[in-house]
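Enquirer: Mind having a look at this structure? Questions to follow.
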């Protein structure tokens, strides 16, 4: 029985492996269509799209139908192009009038009487969708605390306008220039005023969600606390942790605050969000357990650290970072409180 059992297992594994390597007919025909399109074999591309839809009971995504229509039009077969375009338009979901009306792939269809009817249908879809969005936005606005939304909008502008000047001044004048010192002074002054406004909101209302102050307003609460001093960060960190649990704050933003607080307390950061810049280049501030940082980042909705650090022109090498870590800690230790 044992050899027989082993044989059965082997056959099952072989079958599963073969199944895993068998590509879905819809996807394989789509890939073939894209390749034919790149090779400018538009008729073959169109036929491959048709095969894809046929393999899926004549169903297909709207963007795939649109691409099929382009290929049929460029292959000079208008009836097939209109067949797919009309299915796209009659679905009610296609609303991009600007795209379809300017798409040069359909030039050959312009003189056909079906073209204007098609555009009218797409425009009707767009008008309907715009109206639905308008009604939805008005309903959302009715629930928002508009006076607070207005205050937080102005806080956001004050917070960002000065920070947008940092990199240009650093590149043209240098990070240790008088111009940079003057900008930092103005930034601190505005941060102090913004903090008074945000603390007043938090102390009175708690951490408000996007449904109460909008996405930007909700983001501003985090932004101002993130830019505040350690004492303020420590005061509102528990409030933000609770807000994440109730869906009123975002876990990825909390992770950034957790990192700043940890570094401010002389500890290593957890998510690797905090980067320092020097004349020699940018580097990741002390990080706990670098080997598993991506697991922690994924758990709170942050991208892999290598991807994140590309923004700072840092090439992430975990082994090299572990070697550099003692030197990084020695470099930043005098700055810690």
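Enquirer: For the range 255-337, what are Rg and Dmax over the alpha carbons, in angstrom?
Expert: Both quantities, over Cα of the range 255-337: 11.9, 33 Å.
Enquirer: Going by C-beta contacts inside 10 Å, put 328, 305, 62 in order with the fewest on the left. Display every interim value, and only then the final one.
Expert: On the way: 328 17, 305 22, 62 14.
If I rank by nearby Cβ atoms, fewest first, I get 62, 328, 305.
Enquirer: Exposure proxy check: 94, 283 ranked by fewest other beta carbons within 10 Å?
Expert: On the way: 94 22, 283 18.
Placing the least packed residue first, the sequence is 283, 94.
Enquirer: Round to a whole angstrom and tell me the spacing of the C-alpha centers of the range 283-301 and the range 146-184.
Expert: The distance from the Cα centre of the range 283-301 to that of the range 146-184 comes to 28 Å.
Enquirer: Report the relative contact order of the chain, percent, no decimals, based on alpha-carbon pairs under 8 angstrom and at least 6 residues apart.
Expert: Details: 319 pairs, mean separation 26.1, N = 337.
It comes to 8 percent, rounded to a whole number.
Enquirer: Moving on to the next point. Report, to one decimal in Å, the Kirkwood hydrodynamic radius for the range 17-157 based on all distinct Cα pairs.
Expert: Details: mean 1/r = 0.0569 Å⁻¹.
Value: 17.6 Å, from the Cα pair sum.
Enquirer: Another one. How long is the gain from residue 91 to residue 324 if the chain were fully straight, where each residue apart is worth 0.36 nm and the alpha carbon distance is subtracted? Walk me through the numbers on the way to the answer.
Expert: Details: separation 233, 0.36 × 233 = 83.88 nm, distance 5.74 nm.
So the extension gain works out to 78.1 nm.
Enquirer: Measure nothing fancy, just the Cα-based angle from helix 42-54's long axis to the longest principal axis of the chain, in degrees from 0 to 90, nearest 10.
Expert: Roughly 90 degrees, rounded to the nearest 10.
Enquirer: For the chain, with a Gaussian network of springs between Cα atoms less than 10 Å apart, report the residue from 163, 268, 260 with the top mean-square fluctuation.
Expert: Looking only at 163, 268, 260, the largest GNM fluctuation is found for 163.
Enquirer: Between helix 146-163 and the chain, what is the angle of the helix's C-alpha long axis to the longest principal axis, kept within 0 to 90° and rounded to the nearest 10?
Expert: 80
Enquirer: Please tell me the relative contact order of the range 24-129 in percent, rounded to the nearest whole number, where contacts are Cα pairs under 8 Å and at least six residues apart.
Expert: Details: 120 pairs, mean separation 22.3, N = 106.
Relative contact order of the range 24-129: 21 percent.
Enquirer: For the chain, what D do you get in µm² per second when you plug the Kirkwood radius from alpha-carbon pairs into Stokes-Einstein at 37 °C and 0.692 mPa s? Can you show the working numbers first?
Expert: On the way: Rh = 25.7 Å.
For the chosen part, D equals 128 µm²/s.
Enquirer: How tilted is helix 251-264 with respect to the longest principal axis of the chain? Cα atoms for both, answer in degrees (0 to 90, nearest 10).
Expert: So the inclination is approximately 30 degrees.
Enquirer: Calculate the length of the line joining the C-alpha centroid of the range 260-277 to that of the range 234-248, in whole Å.
Expert: The range 260-277 and the range 234-248 have Cα centres separated by 19 Å.
Enquirer: Please build a GNM for the chain, connecting alpha carbons under 10 Å apart, and tell me which residue among 219, 188, 311 fluctuates the most.
Expert: 311
Enquirer: What 222 nm value per residue comes from the helices of the chain, counting each DSSP H run with n ≥ 4 as -39,500 (n - 2.57) and dividing by all residues, nearest 500 deg cm²/dmol?
Expert: Numbers: 16 runs with 237 residues, N = 337.
Counting only the DSSP helices, I get -23000 deg cm²/dmol.
Enquirer: May I ask you to sort 282, 80, 55, 111 by Cβ crowding, counting other Cβ atoms within 10 Å and putting the fewest first?
Expert: Numbers: 282 13, 80 19, 55 16, 111 8.
Taking fewest neighbouring Cβ atoms as first place, the list is 111, 282, 55, 80.
Enquirer: Would you work out the relative contact order for the range 184-327, in percent, from Cα pairs under 8 angstrom that are 6 or more residues apart? Present the calculation step by step, with values, prior to reporting the outcome.
Expert: Values: 140 pairs, mean separation 20.1, N = 144.
Relative CO of the range 184-327 lands at 14 percent.
Since every read-out is calculated from the coordinates, none of them should be taken as a lab result. Note that the structure is a prediction, hence the values are computed from the model and not measured. Ideal geometry is used to build each Cβ from the backbone, glycine not excepted, and the neighbour counts take in all protein chains shown.
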